[in-house]
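Let me begin by presenting the structure, written as structure tokens, before commenting on it.
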Amino acid sequence: MKHYQETHVTISNKTLVRIVLFIIGTFFIFKFISQVVHPLTMIFVSAFLAMALNPFVNLVKKRLKIKKRGAATALAYLIVLLVLGAFFALVLPPFISQTVEFLRNVPGHIRGLEDQSGWAGDLVRRYHLGDQLNNYAKDFANNFNFTNVGTTAISFANRVLGNVISIITVLILTFMMLVEGPSVFKWFIAQFPKQRGERLAKLILRMYNVVRGYVTGQVIVALLGAFFSFIMLTIASTVIKADVNALALAALVFVFGLIPTIGSYINALVITLVSLFSSPTLAIIMLIYYVVYQQIENATIQPYVQSKTNELTPLTIFIAALLGLGFGGILGGLVAIPLAGCGKILLEDWLDDGEYNASSIVEKKDQ
């Protein structure tokens with residue numbers, strides 16, 4: 001017969017206090033993080049933009065022979081803002097006017113389906129859907145009323161004001177990082193011993209080149225998408241005699257194309273809807289075009305270009321983009337690829353450091 005010895009576990013009051021303090025501290029840390037998510041996001045976006053714009057600032061400073069970095073940064077900022085202003089002036093007015101016109105005409109289009117001679121009219125008449133469509137048209141007209149917008153004007157203005165303040169904050173932070181970044185980098189490296197500082201500087205520069213290469217690669221992908229969309233829109237609209245602003249829509253394709261992986265899907269949705277304003281036939285043509293182009297871009301163009309600029313394989317880039325979109329939405333998708341490239345650099349450095357330490361230990365033992 002086996003005898004079991006009883007074991008008593010005694011927890012001291014000191015240990016209990018530590019556990020309670022740890023739980024309370026963890027709670028407050030998560031509470032603090034939840035409160036500063038938005039500021040941290042703005043700081044992160046500003047740092048990302050600063051690394052992306054830094055080559056352009058250096059180019060302006062070198063070509064125009066500007067001695068002060070602040071003046072070069074201000075001039076580069078002015079150029080970027082002028083380009084963005086011209087872009088929005090080109091894209092937004094026709095896009096907004098066509099959207100508003102389409103939404104105003106939706107009730108009339110719904111009511112007119114029963115009188116059409118095509119397959120849609122036959123379907124409505126066969127299943128007696130006329131009354132239901134009229135009810136949908138009335139509901140849509142009541143919900144989308146251009147004359148009764150006073151109830152939502154204040155909330156909409158608050159959202160717009162909040163977004164404007166966030167954008168201005170990001171622009172200011174990015175400007176300050178561009179101006180002070182090099183001096184802060186030099187000061188940080190100087191705090192380490194010479195050999196370690198040189199190694200750390202090379203490591204940071206490699207990660208900076210990854211971010212710069214990512215931005216360059218994504219811009220190339222977006223430009224290709226905008227170029228081919230412009231050609232397709234021009235040809236299709238000319239053949240079927242549809243009235244669309246191909247240049248403005250191509251500029252819109254470029255903006256959404258900067259978003260990895262899902263940018264092409266957003267382009268397909270937006271361009272198809274805008275084309276529908278002018279011609280259903282054009283919308284069908286553009287939808288088919290984007291279904292084909294998405295497969296080509298996601299399988300070849302996007303992974304190939306990014307793999308050349310980020311030292312990553314196409315498979316790694318595709319997985320990183322999917323994980324980033326899953327964890328952080330659009331922002332996560334934007335930063336997932338450069339973060340994966342930086343992680344690869346850190347892993348390689350850690351492995352090299354481990355091999356170096358192991359070889360040093362072996363050499364000492366042999367001696």
Cα gyration tensor category, rounded, prolate or oblate, for the range 166-231 with a/c compared to 1.5: oblate
Shape category assigned to the range 9-97 from the gyration tensor of Cα positions, a/c cut at 1.5: oblate
Percentage, to the nearest whole number, of Cα pairs in the range 186-279 over 15 Å apart: 67 percent
Listed residue pairs exceeding 20 Å between alpha carbons, taken from K68/K202; K62/K202; K202/K344: K68/K202; K62/K202
Accessible carbon and sulfur surface of the range 157-274 relative to its total accessible area, %, 1.4 Å: 74 percent
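The values are calculated or read from the model by the stated rules, or taken from the named source; none is laboratory data. Worth saying up front: this structure is predicted, and the values here are computed from it rather than measured. Surface areas here come from the heavy atoms of the whole protein model, side chains and all, with no ligands, DNA or RNA. Shrake-Rupley method; radii C 1.70, N 1.55, O 1.52, S 1.80 Å.
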